[in-house]
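Novice: Pasting in a structure now, in structure tokens, and then I'll have a few things to ask.
The values are calculated or read from the model by the stated rules, or taken from the named source; none is laboratory data. Please read all numbers here as calculations on a predicted model, not as lab measurements. A quick note on method: Cβ atoms are made from the backbone with ideal geometry, for glycine too, and the neighbour counts reach across all protein chains shown.
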Amino acid sequence: MRRSRRTQTSKKADAMAWQTEFLRVTAFPISGASDLLPNSWKQITGNDPDEISKHPPPIQSFEAGPFFGGRLSVGHQPGRIDLVSMPDQTSQSEGAQQLRHIGDFGLAMENMLPAARKMFRPDMAMQRLAVGAVIFYPVESTEDGYKVLRSILPVAREIPETASDFSLQVNVPVSLSVTGIGEIRINRLLRWNVARFQIMNMVGGSGIPTQIVGGIETHAVRVEMDINTPADLATPLSYQNILDVIDYLASMARAIAANRGWFPQ
């Protein structure tokens, strides 16, 4: 029992506090259903949006509003529906050296899932679903970022100390049994890099031109996720399939984040 407790403590200590730069749920309607629209922003959140943009196809239309400290938008264009959660670019950041984010990845996903489920109506059928995210872990320097990558990625252990411009992308699919369809392939496409950002300070006011007054450089390890179903499903996903598959895709994304940004066993 003591050995088990030490192991659990070690795993918890190795966990990474991923922040959420971007979170998306995307659905692709069945062929020919270009007029299939998601539920409105108010139906999804229970509130009125503060931004509405409606255009004739093929230009995208969307509604957006405040959502758990960030912004949530629901948009549609021919062949695609998107629900996106991202930082509020108009709000003040928590600190001059902070990258904008919508908080802890696990909590951001927990907030997003109920909204994603409300985006669909019972009469909907989808050809494909995807959950996408960009998460990051702040570091002090590019060198520190590479140290983190070496600890995360088995294939990156031999990155030289003088390395730069590293980027790795790989898809490790798994199988999922879907009611009425059978086994389908779930793509787990991940991309890792160390990013360097320049945070600019801007000042201005009424009648005064906006000016940039210096800036601060900051660094982060970034992981981009795209967890999705195949595009060539012979049988469309029914409403219940949609809900079940979205839950599964989200669970895969959370498991990757919990495993320090690498594919869980």
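Novice: Just to be sure, is residue 129 out of contact with any Cys (no Cβ under 7 Å at 6 or more places or on another chain) and at pLDDT 90 or above?
Specialist: yes
Novice: Which of (1) in contact with a Phe, Trp or Tyr (Cβ under 8 Å, 6 or more places away or on another chain); (2) within 20 Å of residue 155 (Cβ to Cβ) does residue 242 not meet, given it meets every other one?
Specialist: (2)
Novice: Residues of region 42-63 being among the hydrophobic types (A, V, I, L, M, F, W, C) and either loosely packed, with under 12 Cβ neighbours inside 10 Å or at pLDDT below 95 (or both), which ones? Break it down into steps so the answer makes sense when it comes.
Specialist: The first filter runs over region 42-63 and keeps only residues among the hydrophobic types (A, V, I, L, M, F, W, C), leaving 44, 52, 59, 62.
Within region 42-63, 59, 62 qualify.
Novice: While we're on this one: Please work out which residue is modelled with the lowest pLDDT, limiting yourself to region 93-108 and to residues that are surrounded by fewer than 22 Cβ atoms within 10 Å (Cβ to Cβ) and under 16 Å from the mean Cα position of the chain (by Cα). If you could, list the steps in order and put the result at the bottom.
Specialist: Here is the first cut: in region 93-108, the ones surrounded by fewer than 22 Cβ atoms within 10 Å (Cβ to Cβ) are 93-100, 103-104, 106-107.
Then drop every residue that is not under 16 Å from the mean Cα position of the chain (by Cα), which leaves 99-100, 103-104, 106-107.
On the way: 99: 83, 100: 88, 103: 95, 104: 96, 106: 96, 107: 97.
Only one residue fits best here, namely 99.
Novice: Next up: The conditions are (1) modelled with pLDDT of 95 or more; (2) within 26 Å of residue 89 (Cβ to Cβ); (3) surrounded by fewer than 16 Cβ atoms within 10 Å (Cβ to Cβ), and residue 175 fails exactly one of them. Which is it?
Specialist: It is condition (2) that residue 175 fails.
Novice: I need the full set of residues from region 178-194 which are buried (at least 16 other Cβ atoms within 10 Å of the Cβ) and either charged (D, E, K, R) or within 30 Å of residue 216 (Cβ to Cβ) (or both), in order please.
Specialist: 188, 190, 192, 193, 194
Novice: From the list 140, 158, 183, 110, which one is acidic (Asp, Glu), free of Cβ contacts under 8 Å to residues at least 60 places away in the same chain, out of contact with any Gly (no Cβ under 9 Å at 6 or more places or on another chain) and over 30 Å from residue 39 (Cα atoms)? Step through it out loud before you land on a result.
Specialist: Values: 140 fails: free of Cβ contacts under 8 Å to residues at least 60 places away in the same chain; 183 fails: over 30 Å from residue 39 (Cα atoms); 110 fails: over 30 Å from residue 39 (Cα atoms).
After applying the criteria, what remains is 158.
Novice: Counting just the residues of region 110-126 that are outside any loop (DSSP other than H, G, I, E, B) and closer than 22 Å to residue 184 by Cβ, which one comes out modelled with the lowest pLDDT? Explain how you work it out, then say what you get.
Specialist: Filtering region 110-126 down to residues outside any loop (DSSP other than H, G, I, E, B) leaves 110-118, 126.
So of that shortlist, the ones also closer than 22 Å to residue 184 by Cβ come out as 113, 116-117, 126.
Numbers: 113: 97, 116: 97, 117: 97, 126: 94.
The extreme case among them is 126.
Novice: When region 220-245 is examined, which residues are found to be farther than 13 Å from residue 30 by Cβ and in a strand (DSSP E or B)?
Specialist: Listed by number, the residues that qualify are 220, 221, 222, 223, 224, 225, 226, 227, 228.
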